[in-house]
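Everything on this sheet refers to the single structure shown next.
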Amino acid sequence: MTTVPDMLRNSIMNAFELAQKDNLIAVAKITDAAVERPQNPEHGDYASSLPLKLAKPLEKNPMEIANVLAQYLKEDEILDDVVVAKPGFLNFVLSKKWLQNQVDQILAEPKNYGVTNVGNGKRFQVEYISANPTGRLHVAHARGAVIGSTLASVLKSSGFDVEQEYYLNDAGAQIDKFNRSLMTRYMQSLGNDIDMPEDSYPGEDVTAVAEKIRDSSHHRYDTSNPKEISELGKVGIDLMIEGIKEDIESLKIHFDSWFSEKSLFENGQFEKCMALLKEMGFVSDKDGATWLLNTKLGEEKDNVLIRSNGTPTYFSTDIAYHYNKFVKRKF
């Protein structure tokens, strides 16, 4: 499908050729008439600065060039008005009648209207939602889900090779916190009178997962055994992810990839990425922690990569994740 900017570019090129034939503009060669959205919507729907670019080769005032082109463009059926603005802009106001007529075309081609190939098969990744698997999705996540899915659909319809990805934060401090919360809820579901830790996830979704584990398995986890607590947590995370997928499916959203943060550590990519930063001279150890020297990159302060207790920060895992995206998977 031809886009509105393409239609306007063609109209401008035709107007330029007609003006040359009528000897109103000197002969010159142009390869493209740039059309863009004006920053101020009061200046119209679209604008072109071509007269400014032609001023030097034509040795003519850009306002004069703009006025000549405007005479021809005002006859265009897709335009209600063409306004010449200083120092030499062409501002376009789309025809209301033409816009109304597009509704019939949209209804006639509900699936194909607006489809273009401007992306030309270029790979494009849209990563969205990516909520921690420590609880079910809420309304804010749903909003992000709809926006992300819509963006992916627009890109696909524009000819891009789109991959939709959900990044699972299934490693780190938030998972330890979830494991503690789940363990407590699990013990409570078995009749133990204990309080939730101060630093915990108190939501009902954690309680529901604990009760589901209790009811669906004859095995009783030994909550005094660290290995059993870890296993309980894995089962809980899997159930939470299962619930998240159900929520996403109810929105009719499909992800091509579910990327596990944990995999960055299991396959050694996190360590490799940190070693690469160190090799490049961007890492320093101080105060018992490992820091990224952002100040070397022009920022105001450095950032912690590895805390003094040995646990990675969100910042460091995000670096490794994006290294995987751009270097390993070449997005």
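The values are calculated or read from the model by the stated rules, or taken from the named source; none is laboratory data. Keep in mind it's a predicted model, so treat the numbers as computed, not measured. All Cβ positions, even for glycine, are placed from backbone atoms using ideal geometry, and neighbour counts span all protein chains on display.
Some notes on this structure:
- Condition met for T184 (within 30 Å of F315 (Cα to Cα), under 36 Å from the mean Cα position of the chain (by Cα) and outside any loop (DSSP other than H, G, I, E, B)): no
- One residue stands out in segment 109-166 among those that are β-branched (V, I, T) and in contact (Cβ under 8 Å) with a residue 24 or more places away in the chain: the one that is nearest to G236 (Cα to Cα), namely T134.
- Members of segment 115-145 that are hydrophobic (A, V, I, L, M, F, W, C) and either surrounded by fewer than 15 Cβ atoms within 10 Å (Cβ to Cβ) or not assigned by TED's automatic domain parsing to the domain that holds S257 (or both): V115, V118, V139, A140
- Just one of the numbered conditions (1) buried (at least 16 other Cβ atoms within 10 Å of the Cβ); (2) of a type in the set (D, E); (3) at pLDDT below 95 is not true of E165: (3).
- Subset of segment 187-213 [in contact (Cβ under 8 Å) with a residue 40 or more places away in the chain and part of a loop (DSSP other than H, G, I, E, B)]: Y201, G203
- Selection over segment 283-314 of residues that are surrounded by fewer than 14 Cβ atoms within 10 Å (Cβ to Cβ) and within 22 Å of K262 (Cβ to Cβ) gives a count of 4.
- Residue match in segment 92-101 (condition: touching a residue at least 24 places away in the same chain (Cβ under 8 Å), exposed (fewer than 15 other Cβ atoms within 10 Å of the Cβ) and of a type outside the set (D, E)): yes
- Among the candidates S153, S95, S130, S158, residue that is of a type in the set (S, T, N, Q) and touching a Gly at 6+ places or on another chain (Cβ under 8 Å): S158
- Residue count for segment 1-49, restricted to those that are of a type in the set (D, E), part of a helix (DSSP H, G or I) and either over 20 Å from K86 (Cβ atoms) or not assigned by TED's automatic domain parsing to the domain that holds E77 (or both): 2
- Flag if L54 is surrounded by 17 or more Cβ atoms within 10 Å (Cβ to Cβ), in the same structural domain as L24 (by TED's automatic domain parsing) and in contact with a Ser or Thr (Cβ under 9 Å, 6 or more places away or on another chain): no
- Odd one out for K245, checked against (1) free of Cβ contacts under 8 Å to residues at least 12 places away in the same chain; (2) exposed (fewer than 13 other Cβ atoms within 10 Å of the Cβ): (2)
- The conditions of being assigned by TED's automatic domain parsing to the domain that holds P38, of a type in the set (D, E, K, R) and modelled with pLDDT of 95 or more are met by D81.
So that you can scan it fast, the table gives a plain yes or no per residue for (1) among the aliphatic types (A, V, I, L, M); (2) closer than 30 Å to A55 by Cα; (3) touching a Lys or Arg at 6+ places or on another chain (Cβ under 6 Å):
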{"position": "A85", "(1), (2), (3)": "yes, yes, no"}
{"position": "L90", "(1), (2), (3)": "yes, yes, no"}
{"position": "V103", "(1), (2), (3)": "yes, no, no"}
{"position": "G119", "(1), (2), (3)": "no, no, no"}
{"position": "V139", "(1), (2), (3)": "yes, no, no"}
{"position": "R143", "(1), (2), (3)": "no, no, no"}
{"position": "G148", "(1), (2), (3)": "no, no, no"}
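- Test: residue in segment 230-241 that is outside the structural domain of A142 (by TED's automatic domain parsing) and either over 30 Å from F124 (Cα atoms) or touching a Phe, Trp or Tyr at 6+ places or on another chain (Cβ under 6 Å) (or both): no
- Count of residues meeting criterion [modelled with pLDDT of 95 or more and either surrounded by 12 or more Cβ atoms within 10 Å (Cβ to Cβ) or of a type in the set (A, V, I, L, M, F, W, C) (or both)] in segment 26-36: 1
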